[in-house]
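One structure is given below, encoded as structure tokens.
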Amino acid sequence: MNATILIIEDEASIRTVARAYLEQAGFRVLLALSGPEGVEMARHERPDLVILDLNLPGMDGMEVAARLRQESDVFIIILTARSEESDRVAGLRIGADDYVIKPFSPRELVARVEAILRRRRSATLVVAPTLHFAHVQIDPDRREVTVGDQVIDLTTTEFDVLLALARRHGRVLSREQILDLVWGNDFYGTDRVVDVYVGQVRRKLEAAAGVPLIQTVRGVGYKFIDPAV
Ligand code: CA
């Protein structure tokens, strides 16, 4: 596994430890000490995954994540000392794929990185037919979603959430089921993460389609309700 990991972190001790463990696991590791440097490096080196500290001098980590997201679909793991759930949710809302709270075990960080990259690999190996619904078309191979002739811009994780729901359209999926299908057993997060992602997918799809497509089933979970054609 020779994926490239970019660590954006101003604290030397964390950089050093994270790099040592990731290199030992076989990854190529790049280091950036500030937000602007990280954005620049991501642009030129095209890493597979970015580990991003939220507390950075110069440019806040949230801002860095937003800029990375504008330019690519790179996986992002947020490092945060903030234990407030609202901060984690805000991080996920701007497009991070996972978060790790400091102080963290370097082994856990490596496990998270491997889990996310595994997700991508299994997604690219699947050859699957396009799903056609009344309003939405989903092409799992090209990872493309369209409403009419409008392509909907979804992040990797948003796409996976939509695909999980759409493949079981008309049936209710619980938050736990969605967590399992999208994040797998390696995820340590809460159900709240599912709400955030479903909310984003729903907003983007329904803005284009003009009709409700994902139904909240109170106390249970979510249901994709666009009829298959
Ligand atoms: Ca920091």
Residue within the range 14-25 that is crowded, with 23+ Cβ neighbours inside 10 Å and either within 18 Å of residue 156 (Cα to Cα) or at pLDDT below 95 (or both) present: no
Which listed residue is among the β-branched types (Val, Ile, Thr), modelled with pLDDT of 75 or more and open to solvent by less than 30 Å² (accessible area, probe 1.4 Å), from 101, 78: 78
Check on residue 142, open to solvent by 10 Å² or more (accessible area, probe 1.4 Å), touching a residue at least 40 places away in the same chain (Cβ under 8 Å) and of a type in the set (D, E, K, R): no
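Condition first: of a type in the set (S, T, N, Q) and either outside any helix (DSSP H, G or I) or farther than 16 Å from residue 36 by Cα (or both). Now tell me which residues in the range 66-79 satisfy that.
Within the range 66-79, 72 is the sole residue that qualifies.
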Enumeration of residues in the range 37-69 that are over 20 Å from residue 19 (Cα atoms), open to solvent by less than 40 Å² (accessible area, probe 1.4 Å) and within 11 Å of the ligand (Cβ to nearest atom): none
Residue within the range 122-131 that is within 16 Å of the ligand (Cβ to nearest atom) and either assigned to a loop (DSSP other than H, G, I, E, B) or at pLDDT below 95 (or both) present: no
Counted residues, the range 26-36 - those being more than 15 Å from the ligand (Cβ to nearest atom) and either buried (at least 17 other Cβ atoms within 10 Å of the Cβ) or in a helix (DSSP H, G or I) (or both): 3
Exclusive hit being within 21 Å of residue 77 (Cβ to Cβ), crowded, with 21+ Cβ neighbours inside 10 Å and at pLDDT 90 or above, set 160, 195, 226: 160
Residue match in the range 52-65 (condition: at pLDDT below 85 and not in a loop (DSSP other than H, G, I, E, B)): no
Near pairs, Cβ below 6 angstrom, 6+ apart or cross-chain, from the range 1-24 (of a type in the set (Lys, Arg)) to any residue that is more than 15 Å from the ligand (Cβ to nearest atom) and open to solvent by 10 Å² or more (accessible area, probe 1.4 Å): 19/29
Single residue of the range 198-223 satisfying the filter (open to solvent by 10 Å² or more (accessible area, probe 1.4 Å) and small (Gly, Ala, Ser)) that is farthest from residue 159 (Cα to Cα): 219
Residue within the range 159-172 that is part of a strand (DSSP E or B) and over 21 Å from the mean Cα position of the chain (by Cα) present: yes
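The values are calculated or read from the model by the stated rules, or taken from the named source; none is laboratory data. Just so you know, these numbers come straight off a predicted model, no measurement behind them. Please note: Cβ atoms are built from the backbone with ideal geometry, for glycine as well, and neighbour counts cover all protein chains shown. When the accessible area is computed, the model is the full protein with side chains, heavy atoms only, and any ligands, DNA or RNA have been set aside. Shrake-Rupley method; radii C 1.70, N 1.55, O 1.52, S 1.80 Å.
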